[in-house]
Amino acid sequence: MKKLLAVCIIALSLTAGAFAEHPSSWGLGILGRGGFGGFGPALSLKAPALPVYWGINLAIWPGYFGAGVSGDYYIIDKALVPDINLDWYFGVGGYLSLGSWNGGSGHDDGFALAVGARVPIGLSWEFLEHFELFGNIYASLGFGIVPFYFPDWGVGGEIGVRYWF
């Protein structure tokens, strides 16, 4: 945990020269999102007026339904290999998630609602004229609201394609 904190502090101190590489228009995409809860479909949205990359995800399996929303602000968004339009980014954000499950096999049914912060780091490749392929890993830390619990933490990843218009 101390190493992660040190990496975050160093990364934040290097942001003085950060500049945005992504287009400043609308971005809409699909992505797959995975973490401790498995893998599921999601929608990615970027509005030009807000510097936040939104994600809306679902997780549906037999006996389980989950949904969540996340929003990330990219502190660093820079070119990594300019010749091929490959960028990297580092951000901070938040999430809200809920889940409902049918216990089965002697386990109780349940419902959970959680909120917290997340830290994504990823790659973005703009190919063709309006398309972007992106992927990231993120760490998250929060708490359960219903029922109350701490910590609600995880490590996950996202991969997707976004269209800029």
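Data overview
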read-out: Sites residue 148 and residue 108, calculated FRET efficiency, Cβ-Cβ separation with R0 22 Å, nearest 0.05; value: 0.85
read-out: Ascending count of other beta-carbon atoms within 10 Å, so fewest first, for 28, 98; value: 28, 98
read-out: Simple spin-label estimate for residue 96 and residue 26 in nanometres, 7 Å along Cα-Cβ; value: 2.3
read-out: Net length gained if the chain between residue 58 and residue 165 were fully extended (0.36 nm per residue, minus Cα distance); value: 36.0 nm
read-out: Proxy reagent accessibility, fewest Cβ within 10 Å first, across 109, 87; value: 109, 87
read-out: Given charges at beta-carbon only (K, R positive; D, E negative), |dipole| of the range 33-149 in Debye; value: 260
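Laboratory data are not the source of any read-out in this text; all were calculated from the coordinates shown. Please read these numbers as outputs of a predicted model, since none were measured by experiment. Cβ atoms come from the backbone with ideal geometry, glycine included; neighbour counts cover every protein chain shown.
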